[in-house]
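First the structure, then my questions, so here it is.
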Amino acid sequence: MGNLRGKLLPPALAIVFSMLLCGVALVISGANPFSAFGAMVTQVGKGSTLVDIINSTGIYYIAALAVAIGFQMNLFNIGVEGQYRVAAVVAAVVGGSIALPPGIHTLVIIVVGALAGAAWAAIPAILKVTRGVNEVISTIMMNGLAIGLSAYLIRRDVFGELRGNNIRTPEIPESGWMPGISFGGGGTMFGFLFVAIALGVGYWIMMNRTRFGFELRASGESATAASAGGVNAKKMILVSMLLSGAIAGLIGLPEMLGRDHTFSLNFTAGIGFSGIAIALLGRNHPGGIAFGALLWAFLDKSGLALDNVGVPREIVTIMQGSIVLSVVVAYEVVRRVELAAEQRRVGRELGTVGGAA
Amino acid sequence: MRRRMRGVAVAAIALTSVMTMAACAKDSGGGSNTSNNGSGAACEYATPPTAPATSNTSAAAGDKVDGSALKVGLAYDIGGRGDASFNDSAAAGLDKAITDMGIKKENTRELSAAPNEDEAAKQTRLRQLASEGFNPIIGVGFAYAESMKLVAAEFPNVKFGLVDSAVDGATNVTPLLFAEQEGSFLAGVIAAYQSKKCHVGFVGGVEIPLIQKFEAGYFQGAKAAAPKIEIEKKYITPAGDFTGFQDAPKGQEAAKGQIDKGADVIYQAAGASGKGIFSAAKQAGVLAIGVDSDQYNQATVADTKDVIVSSMLKRVDVAVYDYIRAVAKNDLASLPKVFDLKVNGVGYATSGGKIDAKLQGILEGYKAQIIEGKITVKDKP
């Protein structure tokens with residue numbers, strides 16, 4: 001059972017710790033932490049907040065999966081942010097300019113998004129495999145390029161069209177939409193959530209039941225040992241980066257296919273960075289990531305209530321940041337405590353108790 | 001395992017620094033400051049139009065309107081109250097309505113958008129206001145267009161006002177639109193006459209159509225006043241990255257680049273990033289033109305106010321005030337379709353005394369020509 005405790009205790013500790021930290025910050029800034037946390041909890045039941053949280057969870061889940069595939073292999077794909085932006089704008093342009101029967105149209109948009117995400121991720125992957133360029137640096141730079149590229153693609157003289165003071169790609173016809181589950185005033189749940197769940201299941205199977213997943217994890221644990229065991233390291237880097245990019249390419253689609261039907265200036269940014277935090281929080285485990293995504297979405301959406309009670313909403317950002325930091329610290333602490341306990345146990349069994357602990 | 005832990009720690013640290021980067025650094029102004037009076041010698045000016053005999057006065061006076069029954073909600077764009085610019089202008093309109101119309105302070109609520117938020121967050125913000133009985137609700141910024149379309153349909157009895165955008169098909173949404181290019185034209189004229197080297201600059205926050213209207217008017221105005229003028233142009237971030245409206249250090253860099261190239265009057269349309277542009281102007285001893293609010297009188301940029309020659313006024317405050325007033329009188333039809341030069345919806349500020357009588361005469365001349373339609377100001381670069 002120690003194993004399960006080792007897995008669950010750190011995040012729980014981290015959340016408690018960050019709540020305490022934020023509570024202190026709130027008290028210092030002159031607000032009542034209980035009314036602030038209370039407002040966040042009651043916000044869940046208001047309007048469409050619950051559905052918004054679920055929708056957001058699905059989006060964060062996809063983002064964190066994309067990051068986690070890289071993490072499994074010790075690859076830091078910081079570029080998820082740029083990959084999903086480029087994929088979304090390409091998918092929106094393609095989706096808005098073709099006419100296909102319903103279903104097929106949606107499928108084409110999804111495939112285009114995944115391919116575009118993979119293509120954008122292929123550049124740092126190839127740079128790493130052929131020239132040894134560190135993927136952290138190259139993907140961060142690709143993020144900057146992605147903003148520039150998407151800004152160019154939605155220019156009025158390229159693919160964009162002016163709508164009021166906003167610019168956007170031509171609207172995707174209804175045949176390309178993905179229907180959701182409507183709760184009337186409670187909002188509409190994105191149909192893409194089922195794709196997110198399928199991705200989670202697929203990720204688990206790939207990691208635990210396939211040779212590729214085994215090789216991926218082996219390369220992550222020890223690249224030298226894996227290559228001694230006959231794993232082609234370069235191929236693994238390339239494939240995992242492309243997979244990561246392809247999944248990243250889907251991040252923008254729940255909103256686009258389920259609500260916005262276009263890529264405009266209001267396109268939601270920053271999900272890729274949140275995905276990194278959530279993957280860390282969930283320890284790359286499909287279940288853990290789901291929990292992390294839910295927590296993140298809850299903080300995001302119910303944090304909107306804070307302005308209403310006069311508490312700066314930035315407190316949520318502090319909480320998210322401190323959760324990630326304290327999770328990392330907590331895992332390390334628990335690992336050392338368990339190591340020490342293990343040493344003591346072994347020591348006791350060998351009858352040499354009393355030595356150094 | 002060790003390697004992995006270290007990697008995780010590195011990623012965590014990187015992530016935290018990304019998050020903290022959102023918190024802005026505050027620049028301290030300093031260095032020399034020189035003030036510039038009169039017209040420059042290097043520029044060859046076109047013959048300015050003569051000022052009209054009559055100046056049109058604003059029709060702000062009128063009967064007293066009682067708004068004490070109103071609960072007014074404001075949803076700001078990124079930056080919120082305190083950006084010294086666009087949002088603060090809306091806030092000023094609300095403040096004036098509170099004092100003039102007897103609206104109770106506790107019956108108002110102001111919420112603000114976060115950068116990079118999704119549509120759902122905007123919808124929730126508007127829905128919160130509507131479901132708590134706020135009526136009218138004013139969305140400050142075109143970013144609310146899509147969410148307001150949806151929420152306005154859910155609350156057909158609530159009146160919505162939307163700054164900078166129209167919403168087609170929603171009868172309970174009143175668009176509050178501006179002719180930013182007309183005011184920016186005059187800013188261009190001011191820049192041309194204030195420049196010593198006949199070289200001016202424009203710094204935009206984010207390269208979006210709305211800010212391009214400022215750019216287009218400014219360029220046209222500067223060229224109309226001095227056909228051979230050199231104009232620098234820089235946007236802090238490309239379309240889609242809205243951090244350009246609240247990144248003072250980047251604004252400072254952009255302005256510094258233009259000053260290094262020789263520009264000595266910088267017009268900024270960059271929201272809260274404008275603070276950095278003023279700092280850069282102050283450090284280099286050149287001049288700047290503010291935007292939206294009368295920035296010379298803004299407390300948040302008071303330490304750099306001596307470089308602010310003028311501000312292009314986009315009277316969001318007037319629009320917000322007039323809108324609340326029209327709601328209180330139940331007379332929404334009285335609002336102008338576009339807040340332009342004619343209705344003093346845009347204009348220029350003379351606070352600080354750097355616009356002398358001669359320049360003011362020239363500006364009034366151009367203004368009259370625009371109002372009469374003799375000059376058509378482009379709204380696209």
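Which loop GluC sites (Glu not before Pro) in the stretch B:134-229, with loop taken from DSSP, have no more than 14 other Cβ atoms within 10 angstrom of their Cβ?
Within the stretch B:134-229, no GluC sites (Glu not before Pro) qualify (loop, at most 14 other Cβ atoms within 10 Å).
Assign unit charges at the C-beta atoms only (+1 for Lys and Arg, -1 for Asp and Glu), then state the dipole size of the protein assembly as shown relative to its Cα centre in Debye, rounded to the nearest 20.
Charge dipole of the protein assembly as shown: 1880 debye, to the nearest 20.
Then there's this: Please order A:TRP204, A:TRP120 by the number of other Cβ within 10 Å, starting at the fewest.
Taking fewest neighbouring Cβ atoms as first place, the list is A:TRP204, A:TRP120.
Okay, moving on. On average, how many beta carbons from a partner chain sit within 10 Å of the beta carbon of a residue in A:270-278?
3
Let me ask something else about it. Averaged over its residues, how many other protein chain Cβ atoms are within 10 Å of peptide A:161-169's Cβ atoms?
6
While we're looking at this one, here's another question. How crowded by other chains is B:119-130, given as the mean number of beta carbons from other chains within 10 Å of each beta carbon?
That works out to 6 on average.
Could you tell me which of the pairs B:LYS196/B:LYS342; B:LYS337/B:LYS380; B:LYS223/B:LYS354; B:LYS234/B:LYS367 are separated by over 24 angstrom between their Cα atoms in the structure shown?
In this structure, B:LYS196/B:LYS342; B:LYS234/B:LYS367 exceed 24 Å between Cα atoms.
Got a sec? How would B:THR304, B:THR50, A:THR268 order by Cβ neighbour count within 10 Å, fewest to most?
With the sparsest Cβ surroundings first, the list reads B:THR50, A:THR268, B:THR304.
If you don't mind, there's one more thing I want to ask. Please report Rg (one decimal) and Dmax (integer) in Å for the Cα set of the stretch B:72-178.
12.7, 36
Among B:GLY161, B:GLY221, B:GLY67, whose mean-square fluctuation peaks in a Gaussian network model of chain B (Cα, cutoff 10 Å)?
Highest fluctuation of the listed residues: B:GLY67.
Which order do A:LYS301, B:LYS374, B:LYS213, B:LYS197 fall in if you start with the one that has the fewest other Cβ atoms within 10 Å?
In order of increasing Cβ crowding within 10 Å: B:LYS374, B:LYS197, B:LYS213, A:LYS301.
In addition: If Rh is defined by the Kirkwood formula over all Cα pairs and Rg also comes from Cα, what ratio Rg/Rh do you get for chain A?
Dividing the radius of gyration by the Kirkwood radius yields 1.02.
Would you report the distance distribution of C-alpha pairs in the protein assembly as shown as whole percents per 20 angstrom bin, up to the bin with the largest distance?
Bin by bin from 0 Å, the calculated values are 16, 45, 30, 7, 1, 0.
Just the number, please: percent antiparallel of the DSSP beta bridges in the protein assembly as shown, rounded to the nearest 5.
Within the protein assembly as shown, antiparallel bridges account for around 20 percent of the total.
Right, something else. Where does the Debye-calculated log10 I(q)/I(0) of the stretch B:244-295 sit at q = 0.21 Å⁻¹, using only Cα point scatterers of equal weight, no solvent?
With one equal scatterer per Cα and no solvent, log10 I(q)/I(0) is -0.60.
Mind checking which of A:LEU100, A:LEU257, A:LEU193 has the largest fluctuation in a GNM of chain A, springs on alpha carbons under 10 Å?
Among A:LEU100, A:LEU257, A:LEU193, the largest mean-square fluctuation in the Gaussian network model of chain A belongs to A:LEU100.
Any read-out appearing in this document is the output of simple, stated calculations on the displayed coordinates, not a laboratory observation. Not measured: the values here are computed from a predicted model. For neighbour counting, all protein chains shown are included, and Cβ atoms are generated from backbone atoms with ideal geometry for every residue, glycine included.
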